[in-house]
Structure formats: C-alpha cells, structure tokens
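Heads up: the structure comes next, in structure tokens.
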2 protein chains.
Amino acid sequence: MTKPLRLGIAGLGTVGVGVLRIVRKQSALLTARTGRAIVISAVSARNRDKDRGVPITGYDWEDNPVELATRDDVDVFVELMGGADGPAKAATEAALKAGKDVVTANKAMLAVHGQALAELAEGAGRVIRYEAAVAGGIPVIKSLMEGLAGNEITRVMGVMNGTCNYILTRMQSSGLSYDEVFEEANKLGYLEADPNLDVGGIDAGHKLSILASIAFGTRVAFDAMELEGIGRITIEDIRQAADMGYRIKLLGVSRMTGRGLEQRMSPCLVPCASPLGQLEGGTNMVVIEGDSVGQIVLRGAGAGEGPTASAVMADVCDIARGLRLPVFGQPAAGLKQATPAVSATPAAFYLRMALQDKPGALAKVAAVLGQNGISINRMRQYDHDETTAPVLIVTHRCVRADLDRAIGAMAETGVVEGEPVALRIEEV
Amino acid sequence: MTKPLRLGIAGLGTVGVGVLRIVRKQSALLTARTGRAIVISAVSARNRDKDRGVPITGYDWEDNPVELATRDDVDVFVELMGGADGPAKAATEAALKAGKDVVTANKAMLAVHGQALAELAEGAGRVIRYEAAVAGGIPVIKSLMEGLAGNEITRVMGVMNGTCNYILTRMQSSGLSYDEVFEEANKLGYLEADPNLDVGGIDAGHKLSILASIAFGTRVAFDAMELEGIGRITIEDIRQAADMGYRIKLLGVSRMTGRGLEQRMSPCLVPCASPLGQLEGGTNMVVIEGDSVGQIVLRGAGAGEGPTASAVMADVCDIARGLRLPVFGQPAAGLKQATPAVSATPAAFYLRMALQDKPGALAKVAAVLGQNGISINRMRQYDHDETTAPVLIVTHRCVRADLDRAIGAMAETGVVEGEPVALRIEEV
C-alpha cells in the first residue's frame, strides 16, 4: 500500500464541509479505489468556531491559508476559498512553490490567472486540478480533456449558472417578472454577494473560458469573452419565445473559427424540445461537439455541497492514483494566444422593440433592416394600450455585426423607443 | 519529447477504419495533447484487399492477430475484431503476456472473460482499456471510474443499444408493428448478424455488467443478469404507454442492495418528459447516481465509426499520457464476487393480457392480483372484435416476485389467453 495522501483544506463553506464529509464517510471506498488512504492533515477558514455540522477538531488548524498550503504534512492543497485574487491566489502560489499539488473549485482564479498558475505549476512539476470549477458535479473537465482527446473540438456550449437558469425557468413557470423572481432567488440565497457575477453572466463566462482553453489548446482568455447578462429579459420575451417553440437560456458558446476564437455568454433562444431547452431549474448542462464523436451532452447538478465536493474528490482521487496531466491538457508554455473573434457565425435572431404608435413606423424599421441585409422571417405587432407598440421580429440567418448596425440605424429613424433586445437563436 | 506510441490494430471494420482516420488526420493534435507521436506499426483483418476508403499500405500487415499483438514494434494492441472468444481473446491474452497494453471495444469479451483478463493484465503490469465497449462515444467508463470516484454509486441505468431504441422509437413515430420495424432495421443494416444480441438485450446486458463491476467494485457477472428482450412489445403497448405519459425503453438498471447486486436489462416504462424518455433513435444515454453527486446524465451516439473510434482514441491517449488504472478501477484480485439478487426494488408495473370474453373473467384476474398483494392503480379493458379482450393494468408499487406469482396464478384461472406482458415502470 502506498503511503496516505494528505490534504490541507482551505475554506470550510458549503463545498469544504462536503469534502470533509466524503473523506470521513467514504474512507474505505476511497482507499479501495485509489490504493491508499486519503487523510486530512489540517484545515483553514475565516472562523474556527462556527458550527459546520461536522467536527473539525481532529485536524490541525491554520489561521493563514498560506501556512496551511506549505505545511510539511500536506501533499495536496485543496483551495475552496474562492475569489480570483487575495488569499486564494497567494496560497495556491505558495503551495505550488512548496511542491504541493493543488485542487481548486475556483473558476474566477483560473479564468483570470490560469495561464500564470499553470506555468508555475508545470515549472514545479505539480498539477492543478479544477473539476469543481465548472458545472459542479458533472465530470466535464475530464470528459473534454481526456474522454474526447481524440477529437478536434468544434463547439463547446453550456448552461453553467444554475441561478440564471432558475430565474429564467421560474419566470416561465410562474409568469412573474424578472425583478420579482430575482428578489425571490435573493431571498432563497441563490445569488452571489455580488449578483452581477450570476445574472451578468460573469460566473458562467469564467467557466466557459476555462472550457475553451482546454477545447482549443489556447490560453484562457476571459477578458476576450462577449458577455451579456439576463437582466433585460422580460416575461414577454419568455412568453413570445415559448409561443414559437423556444426557451431562453443563458448559454455559453465557444468555437474556433478561421477568424479566431469565438467565446460568447449571452441569453439565447434554443428549441424547447432540445436537451438544453428542457433543462429546468438549477441543473447544468454542457454540450461538447467533436469532429469524430458528434455531440455529447452532460447533465447534472451545477452547484451544492454534494455535487461540488464530488468533483473535488474526483481530482483528489486522480492525484492519489497518480493520474497527472498538464493543467489545461497540454503544456501551458505551448498554449497559443488565441485571436479573439467577435461572433460572426450566422444565426437567426429574435428582436424585440417598442415602436412609436404612428403611421409608417413599422415600415421604417423594416426598411432599415433590409438596407442592412437583414431579412425578416416573422414579424408580429401586438395589441397595446400605450403610446408605444411592442414589435417582435425573427430574422433569417444573419451575422450579428449586420444586425447591430441595423439596430444602430433604427435609433436614427426616431420611431423606436429605447434599446431593442436582440437574442440569438442558437442552433443546437 | 517521449518516444512514439506504436499501435497494432486488429480488425478493420467500421471502428478500425475510424481509428485509422483519426490517427492519420489528427496526428498533430494528438501529439500536442499527449506529448508524443501516435503511430500505427501494423494492422490485421480478415481480408487484406478490401477497399476500406483509407489506405493501409503504409502499415505492416499480419494475417494472424496473435502475431500482430506480440510484435516488437507494437506498444498497444488495439482489438477491434469482436466476439467473446476466438481470435479476439487469444490475441488479447497474447498481447498482455508479451507486455503490451490493450485497448478494445469488445463488450462481449469483457462481460464474459473480464475478470480473468484483468487478472492477467494486472499480473503483467499492463492495462486493458475499453471506453468504446460501452455507449460508443460517451466517456462513460471514465466518468464512472474516475470522474465520480468520490461517490458511493447508488444506481447505474442506461439505454445502451441503439438498435432497440431505434425500433421502439420508430414504432412510436410510425405506428408500424414490431415485426415491420424489425425488418426495416434489418434492411438498414442496424442489426447484428445474430439479431438476438440486439433485440434480446444481450449486447446491452454485456455493457451493463461492465458498468456494474466498476460502480460496485464487484467481478463482472453477466451470467447473473436478468435479461429480457423487446420482442414481445406490441404497437399497442407503445400506444398505451404513451397515452399514460410514458415511453418504452430497453433499460438497464443496476444497484447494490442489502440482498446483493441487482442487474436487469429489460423493457421498462419511463416518463416521456424525463431525459431517458426523450431519447430518440440510435442515441445512447447513461444515468449514474451517486450519494454525493446526485444524478449525472450522459448522452451521445452509441455506435458508428466516428463516435466509437473517438472512444478508442481516448484510451490510446490515456496510455500515451501515462494515465494508468486497474482494469475495473481497483485491483482485480480485490473485486468481490457479488451475490446476485433478483430485482426486489418495488416499482409500479404495466401489465397487459388477453382475457377470454366471458362474464366474471376480469373479476377473477383482479382477485388473483389482490390475493398476491398486488393492488391496482389503473385498469382498462378495450373495445374489441375478437374472442379475447385486451386488458391493461397499472399496479401500485409492488415487488416483481409477487407479481410473477400472481401471473402464474392467473394461468390457473383459465380466463387468461397466453402469457401476460409485465413491464416495470422505472422511477427515473
């Protein structure tokens, strides 16, 4: 029997407690599967005395996660504090420099500092594993990096923020407004301290940028992502989309094109009969397409104690079993700096706007679309009591840049109130 | 750069040709990902001169797969011939004894000889990898063995025979009879040379027995599987199930219970709104449930050149990257011999029978069910022109053994014609 694998765990929130529970409850199983004992040497968190429902008296305590990360009796530093910078980054760097492997659930840190951390890890002969950083319990990093390693990846898509999917599906089922459901989610504790991380698409964007790096062999480039949150989606959009056979999802899509790397996290329409369209509540789904495999769909809980801790433990087991890979699947030094490409893959778009209720208004809008090469597939104007008329247009396939130019030109017609909402209809 | 990984490929059917294509087309990608070149030293097949659409003149030829498997210039023997015994087994054994790693797509060989082959491999310090043996391109072996290694697995389920799912969904969409769709599938080349491998559930049963071994740490026990094919499913069953909100799927279910290991491959009813219920055509789906992760659903193409070759190449890449594990995830010598347990997890059942059209017949059947502790949730008798009346019963949750006893007793009433069809309604 190989000697035990000794963990140092920093961060004892929901996920950290879940990891403690698995290590305690499943020790026999973990040993049978990995051939060695998995033990916890020490832990660290902000508050030592908080009741977490699981005893921590059996482990050494460190106030400072950097001290924890560099202890002689720690083989693997398990970083569950979160945050792109600050203690998480400092302790991760200290651990790698001290020759420890790192397991983390920290998508923000990897999305922002992934390249530098990977170079540091690989220079020190250490690994960083982060299955828990993307899509909770779904083994998506492993599936993409290892299970589909024989494929040229053609597209990676995903619904990877459970809070946004909860809000959108709850609007659909309840008929409540965005603001009402947002408040409800807030009361249920579903939102991050900074809600814009969720509803602004940042959290999901972090995840997508990590997947894109693995899929396309490029340096993580979160700052090049096109980001659009769900804050402008109205109950009317949800209803209209449903009426046409679609659901609205905060969908991440990344593909490598001749022009460069497309990375987009935005509300999109997807067919309600598709696996993505059928995804309800907080569940996550990742769709990976490869030249040989076709389409693989992975679905599971994207957050929560058990699922996220399951992913952390998968990484710990891999390390215990001696399964070691470069951080992004190939040596960080060889990852290419991708040229960011604005989405130019043609698609149909859903377009909602408020038209001034006066003769010729609709004709002006239609003319502007035509002048910009956008042809109309469907158009509806609704009955209304106000001075502006709600108008909904579904375009034929077009390029987003052309549509944006048309939307810009609409402002000059003087008949459109406010900013139109344009949502891509993603072909899934 | 590490030295090249040299493959010897035996079997140049659909999958073998797919592997050749990936190795030729994606050599730069494979090298970037694994850190070494992946090359083919030699190939073997029944017919050297067949036009396969891809040249094989660049590789040495062996008539005898055993010779291929033991060549000095082969590091990994890729077995794509199929068949539980015969050349596939002989060459696999020879390869392991000669110190080669093995990659195979051969579910029958692993289901029947998995334990002995695993012991042989591990004794020789070699690996056998078989991602392609279960659910085609879906990385299910890797997800279960590695990605969910921190979980006590509570249930593994799957629709893993695309031909059966094609037949059942085609009956649903076309209204054609089983025999008609069977003939159609035969003409389309969807059926194995021995169709019972497909429609008898044997092929899918092989796959489930492999998943059960990994999930529960037990020796593969295909011979202990409860097997039932789809041959008795009528278009009327499909329609009645649909009418109640269900789809009929050839569904494999395995769980470890206090009584022992349940392994069952049989036609079941699943809710049409569930991911399993929505699975159309030849697509496969595996559902894995663990104590921490909850439910993970994996979906993708279960067969075909590209998807199956993708899985073979995932295994080849793992070996090239030095990722090595015991054949079933933990040392074969330590795998327990599971006690086979007849399915005794309670479920509701769908029951169809032909009643003689005479007074009191229905009462007799209902009485027999009650005497055996089976209570009725719904019952319908249909309008008919024949001397027997079609009757459909949905039971409340009960144990299969009780139902079987009731079905036995029905025969003695003298009012039931032929053998009733009983299908489990699986809670998914």
When the residues of the stretch A:257-274 are narrowed to those that are part of a loop (DSSP other than H, G, I, E, B) and touching a residue at least 60 places away in the same chain (Cβ under 8 Å), which ends up surrounded by the most Cβ atoms within 10 Å (Cβ to Cβ)? A:Ser274
Taking the condition surrounded by fewer than 20 Cβ atoms within 10 Å (Cβ to Cβ) and outside any loop (DSSP other than H, G, I, E, B), does A:Gln295 pass? yes
Kindly list the number of the only condition in (1) in contact with a Pro (Cβ under 8 Å, 6 or more places away or on another chain); (2) buried (at least 16 other Cβ atoms within 10 Å of the Cβ) that fails for A:Gly245. (2)
Criterion first (surrounded by fewer than 22 Cβ atoms within 10 Å (Cβ to Cβ) and either of a type outside the set (Lys, Arg) or in contact with a Gly (Cβ under 6 Å, 6 or more places away or on another chain) (or both)) does A:Gly252 satisfy it? no
Residue check: is B:Val327 away from every other protein chain (no Cβ under 12 Å), in a loop (DSSP other than H, G, I, E, B) and under 29 Å from B:Val127 (Cα atoms)? yes
Take the conditions touching a residue at least 60 places away in the same chain (Cβ under 8 Å), of a type in the set (S, T, N, Q) and closer than 29 Å to A:Val127 by Cβ and apply them to A:Gln337. Does it pass? yes
What number of residues within the stretch A:292-313 satisfy the criterion of being touching a strand residue (DSSP E or B) at 6+ places or on another chain (Cβ under 6 Å) and farther than 17 Å from A:Gly13 by Cβ? 7
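Closer than 30 Å to B:Asp194 by Cβ, in contact with a helix residue (DSSP H, G or I) (Cβ under 9 Å, 6 or more places away or on another chain), in a loop (DSSP other than H, G, I, E, B) and at pLDDT 95 or above: which single residue out of B:Ala95, B:Ala108, B:Ala91, B:Ala84 fits that description?
B:Ala84 is the lone residue from the list that is closer than 30 Å to B:Asp194 by Cβ, in contact with a helix residue (DSSP H, G or I) (Cβ under 9 Å, 6 or more places away or on another chain), in a loop (DSSP other than H, G, I, E, B) and at pLDDT 95 or above.
For every residue, the table says whether it meets (1) β-branched (Val, Ile, Thr); (2) assigned by TED's automatic domain parsing to the domain that holds B:Ala204; (3) over 28 Å from B:Arg239 (Cα atoms).
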{"site": "B:Glu280", "(1), (2), (3)": "no, yes, no"}
{"site": "B:Val293", "(1), (2), (3)": "yes, yes, yes"}
{"site": "B:Asp315", "(1), (2), (3)": "no, no, yes"}
{"site": "B:Ala332", "(1), (2), (3)": "no, no, yes"}
{"site": "B:Lys336", "(1), (2), (3)": "no, no, yes"}
{"site": "B:Ala361", "(1), (2), (3)": "no, no, no"}
{"site": "B:Asn377", "(1), (2), (3)": "no, no, no"}
Examine the stretch B:115-128 for a residue that is crowded, with 24+ Cβ neighbours inside 10 Å, under 18 Å from B:Gly302 (Cβ atoms) and either within 14 Å of another protein chain (Cβ to nearest Cβ) or not charged (D, E, K, R) (or both), and state whether such a residue exists. no
Any residue at all in the stretch B:334-344 that's over 30 Å from B:Val78 (Cβ atoms), basic (Lys, Arg) and within 14 Å of chain A (Cβ to nearest Cβ)? yes
Residue among B:Gly373, B:Gly408 that alone is over 29 Å from the mean Cα position of the chain (by Cα) and either assigned by TED's automatic domain parsing to the domain that holds B:Ile128 or at positive phi (or both): B:Gly373
Kindly provide the set of residues from the stretch A:373-412 that are part of a strand (DSSP E or B), surrounded by fewer than 16 Cβ atoms within 10 Å (Cβ to Cβ) and of a type outside the set (S, T, N, Q), ordered by number. A:Ile376, A:Arg378, A:Met379, A:Arg380
Based on what the data block shows, is A:Gly18 small (Gly, Ala, Ser), at negative phi and in contact (Cβ under 8 Å) with a residue 12 or more places away in the chain? yes
Within the stretch B:63-81, the count of residues that are assigned to a loop (DSSP other than H, G, I, E, B) and either under 21 Å from B:Ile22 (Cα atoms) or among the basic types (Lys, Arg) (or both) comes to 6
Which of the residues belonging to the stretch A:254-283 are within 12 Å of A:Ile425 (Cα to Cα) and β-branched (Val, Ile, Thr)? A:Val270
Please go through the stretch B:303-320 and pick out each residue that is more than 7 Å from chain A (Cβ to nearest Cβ) and either within 15 Å of A:Glu289 (Cα to Cα) or outside any helix (DSSP H, G or I) (or both). B:Ala303, B:Gly304, B:Thr308, B:Ala311
Quick one: would you say A:Arg33 is within 9 Å of chain B (Cβ to nearest Cβ), of a type in the set (D, E, K, R) and farther than 20 Å from A:Ala301 by Cβ? yes
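The values are calculated or read from the model by the stated rules, or taken from the named source; none is laboratory data. Quantities reported herein were computed from a predicted structural model and do not represent experimental measurements. Quick reminder, even Gly has a Cβ in these numbers, built from the backbone with ideal geometry, and neighbours come from all protein chains shown.
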